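Visitor: Here it is: the structure, laid out below.
The values are calculated or read from the model by the stated rules, or taken from the named source; none is laboratory data. These figures come from a predicted structure and were not determined experimentally. Neighbour counts are summed over all protein chains in view; Cβ atoms, including those assigned to glycine, are modelled from backbone coordinates with ideal geometry.
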C-alpha cells in the first residue's frame, strides 16, 4: 500500500468482504488502528497497524476472481450458525486466498455465483445502480399461465414489494428463461408462488457477460482478465444506459 486508504477499503483489500460489508466491522468496534478503536471515515497509511478482533490484518497480494457452479442446498454465505453447507466451502481445497461471494443465490437454487477478494470490484457489482442483468432457467411444477410473462415484465406487487422482470421467454409449457436486473431476495420463487407455481429447478446461467457454460456443479474456475474487464465495462455501460433511460422518461 503506497498511499492512504479509507479504512473500509483497506479491510476489503484484506479479503473481508465488500466495503459496505466491512463498515459493519468498524461500527461494531471490532477494528483497531494502531491499537485504538477505529471509526467510520478513518484513513490508514503504509505505517499503520490494523487489526480485527485484535488479529493483525494484511492486504492480500493476489486478487482472485472466481466463478462457481453452486449446487442446490448450499447457502451463499461464508459461515452459517445453523451449520448448513456454505458455497464458500467448495472453494477451500483450490483457493488458499480468503474470498467471498459477490451477491447471493438462494439455498435451493443452483448456478453461477461469483467470488473475489477484491473489495472495489465487489462493490462495483453489488451496488444498487450496477444494473447488471442475470439470466435464470426455471422449470415449474405446473403449466405457466399465459399472462405470466407479460404481467411479470409489467411489474407485480406482492404485499408491499414490487417485482419486475426485464424479460421472460417461455420455452415450453413448464419451462422459461427469466432475465432480472435488480433481483430482490427470492424474487422468482415469490412471484411463482403468487401464481400458484413452484420451481422444481432454478439455475442462474449468466451474470452480465459471464456465462455458466459447461462448468460442472460444485466446480469453480478463475475468471480470465478479459472477463473481469468485461464485467467492469458491462456495469459502466449498464449504468449509463439506465441513466439515459431515466432522463428520456422525464422528458416525455
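Visitor: If you take just the strands (runs of 3 or more DSSP E) that sit entirely in the range 66-166, which of them hold at least 2 residues that are buried (at least 20 other Cβ atoms within 10 Å of the Cβ) and in contact with a helix residue (DSSP H, G or I) (Cβ under 8 Å, 6 or more places away or on another chain)?
Guide: The strands (runs of 3 or more DSSP E) meeting that bar are 100-102, 110-116, 134-140.
Visitor: Scan the range 167-194 for residues that are under 29 Å from residue 234 (Cβ atoms) and in a strand (DSSP E or B) and jot them down.
Guide: Within the range 167-194, 167, 168, 169, 170, 171, 175, 176, 177, 178, 179, 180 qualify.
Visitor: So which residues in the range 4-29 are assigned to a helix (DSSP H, G or I) and more than 20 Å from residue 121 (Cβ to Cβ)?
Guide: If the condition is that a residue be assigned to a helix (DSSP H, G or I) and more than 20 Å from residue 121 (Cβ to Cβ), then 26, 27 are the ones that fit.
Visitor: All but one of (1) buried (at least 17 other Cβ atoms within 10 Å of the Cβ); (2) out of contact with any helix residue (DSSP H, G or I) (no Cβ under 6 Å at 6 or more places or on another chain); (3) outside any loop (DSSP other than H, G, I, E, B) hold for residue 197; state the number of the condition that does not hold.
Guide: If we test residue 197 against (1) buried (at least 17 other Cβ atoms within 10 Å of the Cβ); (2) out of contact with any helix residue (DSSP H, G or I) (no Cβ under 6 Å at 6 or more places or on another chain); (3) outside any loop (DSSP other than H, G, I, E, B), just (3) comes out false.
Visitor: Residue 32 fails exactly one of the following numbered conditions: (1) over 13 Å from the mean Cα position of the chain (by Cα); (2) in a loop (DSSP other than H, G, I, E, B). What is the number of that condition?
Guide: (2)
Visitor: Looking at the range 36-54, can you tell me whether even one residue there is in contact (Cβ under 8 Å) with a residue 60 or more places away in the chain and not assigned by TED's automatic domain parsing to the domain that holds residue 117? Steps first, please.
Guide: Taking the range 36-54 as the starting set, the residues that turn out to be in contact (Cβ under 8 Å) with a residue 60 or more places away in the chain are none.
No, every residue in the range 36-54 fails to be in contact (Cβ under 8 Å) with a residue 60 or more places away in the chain and not assigned by TED's automatic domain parsing to the domain that holds residue 117.
Visitor: Okay, moving on. Among the residues of the range 40-53, what is the count of those that are touching a strand residue (DSSP E or B) at 6+ places or on another chain (Cβ under 9 Å) and farther than 24 Å from residue 126 by Cβ?
Guide: Final tally of qualifying residues: 5.
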